[in-house]
Amino acid sequence: MKPLTGTPTDQAPADPGAADDMLATQPIGYWSGLAHAAVTGHLRDAMARIDVTQPQYWVLNCVNGGSEGPSRAEVVIQLTPLADGPHDIARVVDQLVHRGWLRIDTGQRLHLTDAGEAARVRLRELAAELRAVVHEGISDEEYVAALKVLRRMVANVEGDVNSQTPPLVQSRVQTKTAARWSAAR
């Protein structure tokens, strides 16, 4: 494929077979979407083989730690931005309570049961194995560089080019911090 105007950064149509010298012309939306679909699909397929979902793993990790567990509302607020729909996390909490992996105390706080902790540890090991597959042949430096580029692109389109953290990510961090602060009171 030849550059559209002779400038290597002109936008070219998405081409999975693009040569290395043409990658600068490739659309980031296509490649980031392809990476998201491939990695998420790989992770969710592996979890499905052991009858667990990625959102269940998120909830187990969110509830883990601390003597005073988070409330259902705090978990929902923290994790809903990651979920596919606005009601998914609340449903997952119900599933995990029904499965016996979470319990609700008299103060309406969530806690892992022994079975829930065992599942969380097993899923953490699986996630580490899957991460190794995804990161094969990629150094930590390359991975960090790729994330910095993506983070900057998000900041560019969200209008805060001077920030290291895009507004959407800041919002998620603020929500998480508020939920943890509220849980600590």
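The values are calculated or read from the model by the stated rules, or taken from the named source; none is laboratory data. Note that the coordinates shown come from a computational prediction; the quantities given were computed from them, not determined experimentally. Here Cβ is always computed from backbone atoms with ideal geometry, including for glycine, and neighbour counts include all displayed protein chains. Protein only, heavy atoms only, side chains kept; ligands, DNA and RNA dropped before computing areas. Shrake-Rupley method; radii C 1.70, N 1.55, O 1.52, S 1.80 Å.
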Practice problem: Scan the stretch 81-94 for residues that are assigned to a loop (DSSP other than H, G, I, E, B) and either open to solvent by 30 Å² or more (accessible area, probe 1.4 Å) or among the acidic types (Asp, Glu) (or both) and report the count. | Solution: 3
Quiz item: Among the candidates Val97, Val121, Val133, Val169, which residue alone is among the β-branched types (Val, Ile, Thr), open to solvent by 50 Å² or more (accessible area, probe 1.4 Å), out of contact with any Asp or Glu (no Cβ under 7 Å at 6 or more places or on another chain) and modelled with pLDDT under 95?
Solution: Val169
Self-check item: Subset of the stretch 136-157 (residues that are more than 20 Å from Leu34 (Cα to Cα) and either at pLDDT below 60 or open to solvent by 70 Å² or more (accessible area, probe 1.4 Å) (or both))
Solution: Asp140, Glu141, Asn156
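I'm trying to understand the selection: among the residues of the stretch 107-118, which are surrounded by 18 or more Cβ atoms within 10 Å (Cβ to Cβ) and assigned to a helix (DSSP H, G or I)?
Gly116
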Self-check item: Residues that are of a type in the set (Gly, Ala, Ser), buried (at least 16 other Cβ atoms within 10 Å of the Cβ) and over 17 Å from Val133 (Cα atoms), drawn from the stretch 18-64
Solution: Ala18
Quiz item: For the stretch 14-37, how many residues are part of a helix (DSSP H, G or I) and within 20 Å of Val154 (Cα to Cα)?
Solution: 13
